Each structure stands twice: as structure tokens, then as C-alpha cells.
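Here is the structure we will look at.
The values are calculated or read from the model by the stated rules, or taken from the named source; none is laboratory data. Quick caveat: nothing in here was measured; it's all calculated off a predicted structure. As a convention, Cβ positions derive from the backbone with ideal geometry for all residues, glycine included, and neighbour counts pool all protein chains shown. What goes into the accessible areas is simple: the full protein's heavy atoms, side chains included, and nothing from ligands, DNA or RNA. Shrake-Rupley method; radii C 1.70, N 1.55, O 1.52, S 1.80 Å.
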Amino acid sequence: MAGDGRAGGRRRGGRARRAAAAITVADLRTAARKRLPRMVFDFVDGGAEDELTVTENEAAFDRVALRPRVLVDVAQRPQAVTVLGRRLEMPVILGPTGLMRMVGHEGELASAAAAQAFGTVSVTSSGSSVSIEDVAASVDSPQWFQLYPWGDRGTVGNIIARARDLGFEVMVVTVDVPVVGAREKDLRNGLTVPPQVNPRTGWDLVRHPGWLAGLLSHPRPTFANFTGLMTEAKGTTGLAVHTNGLLNPAHTWRDLEWMIEAWGGPVVLKGVMTGEDAKRAVDVGCRAVAVSNHGGRQADSVPAALDVLPEIVDAVPADIDVLLDGGIRRGGDVVKAIALGARACLVGRPWVYGLAAGGTAGVERMLAILHDEIDRTLALIGRPGVGALDRSAVSPWPRAAAAVRDPFAGDVPAPSPNREHRERR
């Protein structure tokens, strides 16, 4: 099968055509769910424990209404923003996600290529399944690099130095993973790295031949940035165990200061959910903060990222870029986040849905969908570009106003029936 180039070409072409037919990010999610075995889809789509925060990340946007103005000249609606001195042609950044060759054989190469095509940037995870060397070589425009603060400074220093020498222009430090969250779907599915076939999972894998063929005919998912770096870790499974063992719940702000100094360039602190931590991040030298609860994949029952965004915007100086990460499924969501003070938005699951649905073409389709939805929303609410957005462009939904004023006064309003919220199982 792997040697049949014509068959492979038809499969890739078919995937690209199906991705091109997607009208919404929800359509790409549906296509991803059909293509991926359950254990892999749940790895992408699931969250921690009861997934309350996963659901809230999306539902929070339903509690914000847009305030349209009329008779405004909106013939031109530019989306370009400047983040950490770099012009992005749209206010969407492809966020860091690891082990993406488990989803599609292009892996993290797809996000870098799609980001370049749309004039934006992707953030390559230190846990990526494509090495940072290969990502850097695959595109002409500099990308961003994400770092988990592993416990071993030698390992951290090695990866920082490599990323800096390769020309990555921004380091994003993720600090909300002192330990791995309880992703119970993964535990129930017996997900391992790489996926292990047993009688319970084997039938599901066989029922997804396109995904299985891609897995078997291309490089296997592994932590590519650590290959050869941890000689005592044998094989992909050994690397997975070893890297998880490097997570350090004893890390403090002093360790972050060391990483900032070692990097020597702009740093984004990702995982900030309070104004106090945002202020501290600025004090130690971070140039931007990303409001993020890790997509609900770490702590459960923490607020939606959008709900705490205004607090963090108000806590930092105006020259500090604030990014929002979590729950973006529509271009209108991006508009709401920018109106509330975000400079741009990170998306994770949406680009992974695109990767599963159609490879690089699927990621590009996801960006095209968001771009068109942002453009249309700006026109319909009378805002001539994202630079014209401020808090006057949004308000609480009338049905949500009481809950916004006093979250303990009554039931949280039901989410919009037009948004595809995840099912529990």
C-alpha cells in the first residue's frame, strides 16, 4: 500500500477535497472524528476529568454579544496585527501541540506551512513529533518555539540553544503543567505513545484504514526533539516515559528568569489565568502573556480563558501583548477576544482537526474559514478592521447579564444551540 504512489495520491487528493468542502471548524472536527480512531480523536478532543473547563472555554463566547454599529464605511477591513514587533496578516496564531504525527503524517510541518501561507506564525512544541530543525528548514519565515520547563537544566538549555540558533524568533514557555492532568478518556482508551494495538483497540484501528496506512508508511510519532538527547531512554515509549519524568512541580519564578536569560529574546508566558501572575510575568521580563488553561487539558473546574481575559489585560502595561488561548471555534470568537483586549488568538484543536481532515490543505482550510468569518463579522458589526475593535463592540448577552454580575446568583445560561458543544461519554 505504501508503495502505490497513485493510490496514495488519490487518498491525499480526496482528503484535501473533503477538507476544502468544510464550511466551519465544526465540519473539520466531524471529518477528523471520522478519519481518526477513537483513541486518537479523544486524545485531540478530550480534556481533564469531567471536561467542565473544556466546555466552558467554548461556552464563554456564547455569553458575549456583539454590538453592531450601522452606516459605517467598512469597505476595507484589514486584519493585520503586530505581535512582539512582527506583523501578522490575521490575528490567529497556530498554537503548540505535540505528537501531531499521531494525527497526520505531516505533523507539525503542516502548521508551519499553513501559517506561512496565511502570513501568520505557528508555535512548534518542544514535544513535537517533527524536530525543530526540520520545522525550521521547511519554511522561509521564522516560527515561534514552545518550551515546557523540564526539570533538567541541561535538557532545557540544549533545546533553547538549538531553537535560538535555528532562528526561532519567540519562545513561548508553558507553565501550567507541573504534573500531567487526568485525561480520563486517554486512560480509558489505553492510549500510549505510539498507540499500542490490543484486542480491544485493534478493531477500531482496522476500521480507519486511511489513518492506519499513513501511520505505518511514514515516520512514527515520537518526541523528535529528544531523540539522541536522552541516550538512556530506549525507543519511543522510553522517550515518553522519560520526558514525562522531567516535569518538575518545584519550578518557580527564579527558574523562569533563568530561561528568559538563556533565550535572550522575546518570551511569552503561556498558562496565565490571574492578574497577579500576569504582573509578575512582566516584572521578570516576559514581553507577552497568553491567557490559557491548556484547553481544559490540565486543571478542571478553572474558569474559561475568555472570562479572565479582561482582568489580565487590565493588569499589565499597554505595551505588553496579551494573547488568548482556548475555545476559539469561530471567527466571531476571535473578534470578541480582540474586542476584550487580546492582541491575537492562539488556536490548537482547530488546526489539528484540519490536519486530520486534510493534512496541510486541511490546516489551510481552517485558517481560510476563520479569516472569512472574521472579515464577515467585522463588516456586519460596522468595524473597519480589527484595529477598530474595543470593548464597546461587545456586551453580555441579555440572558447572561445576571450571571455575569453575580455568578452565584443562579444557573449559568445555557449555551447557544448553534455552537457544537462536546458530548459527555
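With the condition kept exactly as written, say whether any residue in the stretch 390-402 is assigned to a helix (DSSP H, G or I), among the hydrophobic types (A, V, I, L, M, F, W, C) and under 15 Å from the mean Cα position of the chain (by Cα). Within the stretch 390-402, not a single residue is assigned to a helix (DSSP H, G or I), among the hydrophobic types (A, V, I, L, M, F, W, C) and under 15 Å from the mean Cα position of the chain (by Cα). Scanning the stretch 317-345 for residues that are open to solvent by 10 Å² or more (accessible area, probe 1.4 Å) and among the hydrophobic types (A, V, I, L, M, F, W, C) yields a total of 4. Between ASP300, ASP277, the distinction of being acidic (Asp, Glu), open to solvent by less than 40 Å² (accessible area, probe 1.4 Å) and out of contact with any strand residue (DSSP E or B) (no Cβ under 7 Å at 6 or more places or on another chain) belongs to ASP300 only.
Summed over the stretch 359-381, the residues that are touching a strand residue (DSSP E or B) at 6+ places or on another chain (Cβ under 6 Å) and either closer than 13 Å to ILE328 by Cα or surrounded by 24 or more Cβ atoms within 10 Å (Cβ to Cβ) (or both) give a count of 1. Residue under question is THR53, and the condition is that it be β-branched (Val, Ile, Thr) and either over 27 Å from ASP319 (Cβ atoms) or part of a helix (DSSP H, G or I) (or both); does it hold? Yes. Could you say whether any residue in the stretch 1-22 is at pLDDT 95 or above and among the charged types (D, E, K, R)? No, the stretch 1-22 contains no residue that is at pLDDT 95 or above and among the charged types (D, E, K, R).
Only residues that are out of contact with any strand residue (DSSP E or B) (no Cβ under 8 Å at 6 or more places or on another chain) and open to solvent by less than 20 Å² (accessible area, probe 1.4 Å) were counted across the stretch 70-89, and they come to 1. Sort out which residues of the stretch 225-254 are part of a loop (DSSP other than H, G, I, E, B) and at pLDDT 55 or above, and write them in order of number. Those that are part of a loop (DSSP other than H, G, I, E, B) and at pLDDT 55 or above: THR227, GLY228, LEU229, LEU246, LEU247, ASN248, PRO249, ALA250, HIS251, THR252.
Open to solvent by 10 Å² or more (accessible area, probe 1.4 Å) and at negative phi, is that true of LEU94? No. Contact annotation: residue pairs with Cβ atoms under 9 Å, 6 or more positions apart or on different chains, pairing a residue in the stretch 256-273 that is closer than 14 Å to ARG162 by Cβ and at pLDDT 95 or above with a partner that is open to solvent by 20 Å² or more (accessible area, probe 1.4 Å) and of a type in the set (A, V, I, L, M), are ALA262/ALA161.
So that you can scan it fast, the table gives a plain yes or no per residue for (1) of a type in the set (A, V, I, L, M); (2) at pLDDT below 95; (3) in contact with a Leu (Cβ under 9 Å, 6 or more places away or on another chain):
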| residue | (1), (2), (3) |
| --- | --- |
| VAL74 | yes, no, yes |
| MET90 | yes, no, yes |
| ILE93 | yes, no, yes |
| ALA114 | yes, no, yes |
| ALA117 | yes, no, yes |
| SER122 | no, no, yes |
| GLY127 | no, yes, yes |
| VAL130 | yes, no, yes |
| ALA137 | yes, no, yes |
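Kindly indicate whether THR222 is part of a helix (DSSP H, G or I), polar (S, T, N, Q) and either open to solvent by less than 60 Å² (accessible area, probe 1.4 Å) or at pLDDT 90 or above (or both). No; evaluated as a whole, the condition is false for this residue.
Each row is one residue, and each column tells you yes or no for (1) in a loop (DSSP other than H, G, I, E, B); (2) in contact (Cβ under 8 Å) with a residue 60 or more places away in the chain; (3) small (Gly, Ala, Ser).
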position	(1), (2), (3)
TYR353	no, yes, no
GLY358	no, yes, yes
VAL363	no, yes, no
ASP372	no, no, no
ALA379	no, yes, yes
GLY387	no, yes, yes
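Here LEU355 fits the description: within 18 Å of the chain's Cα centre (by Cα) and either surrounded by fewer than 18 Cβ atoms within 10 Å (Cβ to Cβ) or modelled with pLDDT of 95 or more (or both).
Cβ-Cβ distances below 7 Å connect the following pairs, each with a first residue in the stretch 45-67 that is in contact (Cβ under 8 Å) with a residue 24 or more places away in the chain and open to solvent by less than 10 Å² (accessible area, probe 1.4 Å), a second residue that is assigned to a helix (DSSP H, G or I) and β-branched (Val, Ile, Thr), and a separation of six or more residues or different chains: GLY47/THR53; GLY47/VAL54.
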